[in-house]
Amino acid sequence: MEKRKQTVVKLAQTALLAALCFVSFTFLQIKIPMPGGDATSLHIGNAFCVLGALLLGGWYGGLAGAIGMTIADVLDPIYIVGAPKTFVLKLCIGLIVGLVAHRIGKINESTDKKYVFRWSVLASVAGLGFNVIADPLVGYFYKQYILGQPQQMAEVLAKWSTATTFVNAVVSTILVAVLYNALRPVLLKSGMLQIVRKTEEVKI
């Protein structure tokens, strides 16, 4: 019964983080129009995907980002065609952050604030660094070969996407470093997070 309760709580927190991803991308983005009616954006939506992976583990954090950002794409007439790509990439961000933070760094087993800070930043850089490379690259092939966009237009969008994705990654890494390391002690004190010894996931 206790395990079922923990799962329900974790799902509720995943939904909350998905909502934060949606809101931050939909209402806090700076959209940059591109040729052919396309666009790229400056936003902090990925930050909450990474934050979710640090707090809840890779799968739940990745799902939060994938669901929240995909819904945002579906409701945007410009981004709707890229929704499948968004779902896969955001899930991958969460999985990579979870792998580095929980399986390699095992931050949920440490009470050393400097250690946790270092590994939370490394995990954020790994996940968002992957996105800086994968988002424009996958986007280029997706636009050209799946959606049939002309090569020149796909190339222009890929170049601009690389620039905006890099800026987004830098801003999101800083934001996550501040948010996670500020929230973690509070959540530990409240009992919503616990230091564990033999599992890679944060126990809630």
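The values are calculated or read from the model by the stated rules, or taken from the named source; none is laboratory data. For clarity, every value in this text was computed on a predicted model and none was experimentally measured. Cβ sites come from the backbone with ideal geometry, for glycine too, and all protein chains shown count toward neighbours. When the accessible area is computed, the model is the full protein with side chains, heavy atoms only, and any ligands, DNA or RNA have been set aside. Shrake-Rupley method; radii C 1.70, N 1.55, O 1.52, S 1.80 Å.
Structure values in brief
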{"item": "Residue within segment 69-91 that is touching a Phe, Trp or Tyr at 6+ places or on another chain (Cβ under 8 Å), under 20 Å from TYR180 (Cβ atoms) and of a type outside the set (A, V, I, L, M) present", "result": "no"}
{"item": "Among residues of segment 131-175, those that are open to solvent by 70 Å² or more (accessible area, probe 1.4 Å), closer than 17 Å to PRO84 by Cα and part of a helix (DSSP H, G or I), counted", "result": "4"}
{"item": "Condition check for THR26: within 24 Å of LEU188 (Cβ to Cβ) and either surrounded by fewer than 24 Cβ atoms within 10 Å (Cβ to Cβ) or β-branched (Val, Ile, Thr) (or both)", "result": "no"}
{"item": "Output for segment 1-33, where each listed residue is part of a helix (DSSP H, G or I) and within 27 Å of TYR140 (Cα to Cα)", "result": "ALA18, CYS21, PHE22, VAL23, SER24, PHE25, THR26, PHE27"}
{"item": "Every residue from segment 76-89 that is part of a helix (DSSP H, G or I) and free of Cβ contacts under 8 Å to residues at least 60 places away in the same chain", "result": "ILE80, ALA83, PRO84, LYS85, THR86, PHE87, VAL88, LEU89"}
{"item": "Residues that are in a helix (DSSP H, G or I), open to solvent by 10 Å² or more (accessible area, probe 1.4 Å) and of a type in the set (A, V, I, L, M, F, W, C), drawn from segment 34-50", "result": "PHE48"}
{"item": "Within segment 67-122, tally of residues that are among the aromatic types (Phe, Trp, Tyr), modelled with pLDDT of 95 or more and surrounded by 17 or more Cβ atoms within 10 Å (Cβ to Cβ)", "result": "2"}
{"item": "Matching residues in segment 60-75 - criterion: being without any contact (Cβ under 8 Å) to a residue 40 or more places away in the chain and more than 9 Å from the chain's Cα centre (by Cα)", "result": "THR70, ASP73, VAL74"}
{"item": "Pairs, first in contact (Cβ under 8 Å) with a residue 60 or more places away in the chain in segment 117-128, second basic (Lys, Arg) and open to solvent by less than 50 Å² (accessible area, probe 1.4 Å), C-beta under 9 Å, six or more apart", "result": "SER120/ARG184"}
